[in-house]
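Peer 1: I have a structure I would like to understand better, so I am pasting it below and will then ask my questions one at a time.
Read-outs: derived from the displayed coordinates by stated rules, not from any lab. Treat the numbers as computed from the prediction; the structure is a model and nothing was measured. Note that each Cβ is placed from the backbone with ideal geometry, even for glycine, and that neighbours are counted across all protein chains shown.
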Amino acid sequence: MLTEPTRQKLYALQLHGMAEAYEEQSQQSASRELSFDDRFALLVERQWLWKENKALTTRLVQARFKAQGCLEDLDWKDSRGLKRPLLDQLSTCDWVKYHQNCLITGSTGTGKTFIACALAHKACREGYRSLYYYAPKLFRDIATAQADGSLSALIGKLAKVRVLIVDDWGLAQGTEAQYRDLLEILDDRHGVGSTVITSQFPVSRWHELIGLPTLADAILDRLVHHAHRIELKGDSLRRKKTT
């Protein structure tokens, strides 16, 4: 059997998973007892898994998560106000499917960023593209895009992401122009994407933090409606780990 030429052609066709499975089958005597259809099905299944894993790896790299973790890694010993039924509901990613938002609030160190990234990580595993942004950096990137003429490209990029994390909302005060551009981003994402906001400030203070009543009304209208809320309580988990 000319297994090597066949294997090389599979690699040349970018069928890496199938090539690996074909090589394994050629070395396993038990595989010869399978029918052609069964062997071929195993090759196709391996190629499918290889393609899915490669796509997932690409989504995770492009997401640029600050915290690496999964919902399965959540520490329930310090409840912090976490409600398991809500997290179980969010883990289905129906909130992404139906373009709903998630607002996570709590004091420093209560795990807001980890939970946000874990939710988006699950979305990546379900096939949705995600992107992490530290809120002050988002405002800096908006300002830079305004200056160099790339704002339309930035807005278009953010509009296409199914899950957008804006971490530490309220730490940086934006200008009126930046808030207007943020509103445009949220408006373009409305009904097509989900946004995860984390903040040390309760949602009731977000209007005050923006400081521009008309813009604040419009921004919060797009964020708060149809949003799941996770309100974390307690002391910093980082402080507990160092004591």
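Peer 1: Can you tell me the orientation of helix 112-125 relative to the chain, as the angle in degrees between its alpha-carbon axis and the longest Cα principal axis, to the nearest 10?
Peer 2: 30
Peer 1: Sum up the charges of everything whose Cβ sits under 13 Å from the Cβ of Lys83, counting Lys and Arg as +1 and Asp and Glu as -1, but leave Lys83 out.
Peer 2: Details: positive: Arg80, Arg84, Arg229, Lys233; negative: Asp88, Glu231.
Here the count lands on +2.
Peer 1: At 0.36 nm per residue, minus the direct Cα-Cα distance, what do Ala30 and Phe201 gain on full extension? Give it in nm, one decimal, please.
Peer 2: 55.4 nm
Peer 1: Moving on. Given q = 0.18, 0.20, 0.29 Å⁻¹, what are the Debye log10 I(q)/I(0) values for region 62-127, with equal point scatterers placed on the Cα positions and solvent ignored?
Peer 2: -0.67, -0.83, -1.62
Peer 1: Would you mind checking the tilt of helix 213-224 against the longest principal axis of the Cα atoms of the chain, expressed as 0 to 90 degrees and rounded to 10?
Peer 2: 30
Peer 1: Another one. In region 81-158, which chymotrypsin sites (Phe, Trp or Tyr not before Pro) are in a loop and have at most 15 other Cβ atoms within 10 Å, using DSSP for the loop call?
Peer 2: Tyr98
Peer 1: Under the Kirkwood approximation for Rh and a Cα-based Rg, what ratio Rg/Rh is obtained for region 1-97?
Peer 2: Checking Rg against Rh, the ratio lands at 1.20.
Peer 1: Could you list the GluC sites (Glu not before Pro) in region 171-235 that lie in coil according to DSSP, counting only those with at most 11 other Cβ atoms within 10 Å of their Cβ?
Peer 2: none
Peer 1: At 0.890 mPa s and 25 °C, plugging the Kirkwood radius over alpha-carbon pairs of region 147-243 into Stokes-Einstein gives what diffusion coefficient in µm²/s?
Peer 2: Result for D is 164 µm²/s.
Peer 1: Can you spot the aspartates and glutamates whose alpha carbon is less than 20 Å from Lys83's alpha carbon? Ignore those fewer than 8 places along the same chain.
Peer 2: Filter leaves Glu72, Asp73, Asp75, Asp94, Glu231, Asp235.
Peer 1: With each run of n ≥ 4 DSSP H residues scored as -39500 (n - 2.57), what mean residue ellipticity at 222 nm is computed for the chain after dividing by its residue count and rounding to the nearest 500 deg cm²/dmol?
Peer 2: -17000 deg cm²/dmol
Peer 1: Also, quick follow-up: Please give the helix 176-189 orientation as an angle from the longest Cα principal axis of the chain, in degrees from 0 to 90, rounded to the nearest 10.
Peer 2: In the chain, helix 176-189 runs at an angle near 40 degrees to the longest axis.
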